[in-house]
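Have a look at the structure below before the remarks.
The values are calculated or read from the model by the stated rules, or taken from the named source; none is laboratory data. Note that this is a predicted model, so its numbers are computed, not measured. Here Cβ is always computed from backbone atoms with ideal geometry, including for glycine, and neighbour counts include all displayed protein chains. When the accessible area is computed, the model is the full protein with side chains, heavy atoms only, and any ligands, DNA or RNA have been set aside. Shrake-Rupley method; radii C 1.70, N 1.55, O 1.52, S 1.80 Å.
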Amino acid sequence: MPDGSFSHPQQRQFNPYTENGGTILAIAGKDFSVIAGDTRQSEGYSIQTRYAPKVFRLTDRAVLAVNGFAADGNMFVKKVQQRLEWYRHAHAKDMPLGAIARLIQTMLYGRRFFPYYVYNILGGIEEDGTGAVYSFDPVGSYEREACRAAGAAQSLVQPFLDNQIYFKNQQAPAGQSHPLHLPLSDVLAIVIDSFTSATERHIEVGDGLEIYVVLTKGRPTQDLEGYRGVKELTTRPDGDRVFLIQRELKKD
Amino acid sequence: MSIMQHNGGSVIAMVGKDCVAIASDLRLGVQSLSISSNFEKIFPVTERLYVGFPGLATDVTTLREVFRYRVNMYTIKEERAIEPTIFTQLVSSTLYERRFGPYFIEPVIAGLQKTPSGSYEPFIAATDLIGCINFAKDFVVAGTASEKLFGVAEGLWEPGLEPEDLFETISQTLMNAVDRDAFSGWGAIVHVITKDKVITRKLKGRMD
């Protein structure tokens with residue numbers, strides 16, 4: 001009985017983690033990077049909100065997508081942004097992408113024994129102007145890749161990306177080889193298809209889609225012009241540029 | 001891990017234009033240990049009807065014999081070949097007989113259904129392990145790679161595929177899905193069923 005006596009053994013438990021669903025995805029191109037996430041936030045079978053961003057602009061050349069336990073995700077992004085601000089004050093420039101990736105690793109591993117319950121995908125432009133994607137596990141193990149999906153629908157999306165981005169199980173025409181990098185318009189089409197597919201078959205994915213596009217300095221923007229409501233989020237002129245495309249996904 | 005994942009394996013079926021396709025991997029394993037790369041899970045029922053049994057391997061063998069017996073009995077009694085819709089009901093009721101001690105199999109059915117006018121129309125269906133039927137108009141999946149199969153199929157499939165295009169679509173879907181599944185793979189087999197012939201092909205894919 002909860003009377004403070006010691007006659008009955010008692011147990012109490014507090015679980016500090018939950019899963020909030022959703023899916024994120026990033027693809028690197030030759031001179032651009034695309035980072036996307038849906039905006040549904042759920043707990044079990046309940047939708048908490050139809051608009052909770054999971055993708056964040058860190059600098060004009062770096063975008064971070066965070067998926068898993070939303071509270072940890074938001075806190076982690078806040079701490080990364082704080083560290084990037086300190087870096088700006090100390091060095092009078094934005095932290096390069098590869099350095100942000102290493103920073104994220106140390107920040108995640110710093111919580112090795114009480115981890116941020118989040119999968120991170122960092123996308124953006126490297127110092128040499130190439131598009132890059134870095135993916136992390138919750139304790140900071142990371143890798144640079146051409147594409148990565150994470151979250152509730154990872155198992156639905158990743159094999160599709162293997163096929164469409166890496167051309168897995170596809171044979172190139174005789175005398176030709178598969179392209180290492182796809183054009184931006186193809187990448188955007190694949191991202192949108194991935195999310196509409198995931199929305200169709202996964203209950204935790206849907207509502208809205210936010211696609212961040214990071215373009216390397218001086219790259220033409222004509223491939224973006226076909227999309228409705230493209231917003232530019234770049235803060236400084238004459239550098240890498242960040243754009244946001246917002247779309248609707250099915251809400252059922 | 002549950003009994004459904006014990007031996008591994010996956011099956012998928014898709015509808016095309018006047019044709020259907022059914023495909024599976026060829027792996028048989030015990031947990032993470034692979035035993036055979038030539039374990040077929042798809043069986044012909046009639047000339048235009050195939051059934052796939054992903055799940056517990058021992059039940060694959062048992063159910064294959066159970067349905068061979070029951071289909072033969074039907075054919076003798078009715079003096080005609082069993083149609084896909086009827087066979088689906090047979091599968092459903094046979095599995096539900098074991099409602100409280102089920103066979104650990106999730107059958108996938110693909111065939112061409114005869115219409116009153118004498119033509120054939122594509123038919124696919126799947127059931128769970130106790131016989132609840134899912135009549136789908138596009139594709140059905142089952143087995144250890146089912147989530148991956150859903151994701152890829154949803155992205156690649158489109159209505160009205162001709163037999164050769166359907167073959168490519170189902171093969172790509174299956175191979176890319178099983179390559180992300182530790183319990184499926186080790187080669188694949190594809191059957192494309194058309195009005196006048198069945199095209200069967202074995203695929204190699206990644207053998208790891």
Within the range B:138-150, count every residue that is open to solvent by less than 10 Å² (accessible area, probe 1.4 Å) and over 18 Å from B:GLU168 (Cβ atoms).
3
Among strands (runs of 3 or more DSSP E) entirely inside the range A:164-252, those with 1 or more residues being within 20 Å of A:VAL66 (Cα to Cα) and at pLDDT 95 or above are A:208-215, A:241-248
What's the total number of residues in the range A:145-173 that are in contact (Cβ under 8 Å) with a residue 40 or more places away in the chain, surrounded by fewer than 24 Cβ atoms within 10 Å (Cβ to Cβ) and in contact with an Asp or Glu (Cβ under 7 Å, 6 or more places away or on another chain)?
1
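Could we say that B:GLU154 is within 14 Å of chain A (Cβ to nearest Cβ), acidic (Asp, Glu) and within 14 Å of A:ASN163 (Cα to Cα) here?
yes
Residues checked against (1) over 26 Å from B:LYS197 (Cβ atoms); (2) touching a residue at least 12 places away in the same chain (Cβ under 8 Å):
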{"position": "B:THR61", "(1), (2)": "yes, no"}
{"position": "B:ARG64", "(1), (2)": "no, yes"}
{"position": "B:GLU79", "(1), (2)": "no, no"}
{"position": "B:LEU112", "(1), (2)": "no, yes"}
Take the conditions modelled with pLDDT of 95 or more and facing another protein chain (nearest Cβ under 9 Å) and apply them to B:LYS197. Does it pass?
no
Checking the conditions here, which among A:ILE211, A:ILE203, A:ILE192 is of a type in the set (A, V, I, L, M) and open to solvent by 80 Å² or more (accessible area, probe 1.4 Å)?
A:ILE203
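Mind counting the residues in the range A:179-189 that are out of contact with any Asp or Glu (no Cβ under 6 Å at 6 or more places or on another chain) and either charged (D, E, K, R) or open to solvent by less than 60 Å² (accessible area, probe 1.4 Å) (or both)?
Of all residues in the range A:179-189, those out of contact with any Asp or Glu (no Cβ under 6 Å at 6 or more places or on another chain) come to A:179-183, A:186-189.
Those still in the list that are either charged (D, E, K, R) or open to solvent by less than 60 Å² (accessible area, probe 1.4 Å) (or both) too: A:182, A:186-189.
Residues in the range A:179-189 being out of contact with any Asp or Glu (no Cβ under 6 Å at 6 or more places or on another chain) and either charged (D, E, K, R) or open to solvent by less than 60 Å² (accessible area, probe 1.4 Å) (or both): 5 in total.
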Top-ranked residue in the range B:176-194 [being away from chain A (no Cβ under 11 Å) and assigned to a strand (DSSP E or B); ranked as surrounded by the most Cβ atoms within 10 Å (Cβ to Cβ)]
B:ILE193
Evaluate the following for B:THR173: is it under 16 Å from the mean Cα position of the chain (by Cα), among the hydroxyl-bearing types (Ser, Thr, Tyr), within 16 Å of B:VAL140 (Cβ to Cβ) and at the interface with another protein chain (Cβ under 10 Å from one of its Cβ atoms)?
yes
Count, please, the residues in the range A:62-109 that happen to be without any contact (Cβ under 8 Å) to a residue 24 or more places away in the chain and surrounded by 20 or more Cβ atoms within 10 Å (Cβ to Cβ).
1
Over 27 Å from A:GLY218 (Cα atoms), over 14 Å from the mean Cα position of the chain (by Cα), away from every other protein chain (no Cβ under 14 Å) and assigned to a loop (DSSP other than H, G, I, E, B): does that describe A:GLN105?
no
One residue is enough: does the range B:119-130 have a residue meeting the conditions surrounded by 24 or more Cβ atoms within 10 Å (Cβ to Cβ), over 23 Å from B:ILE82 (Cβ atoms) and out of contact with any Lys or Arg (no Cβ under 9 Å at 6 or more places or on another chain)?
no
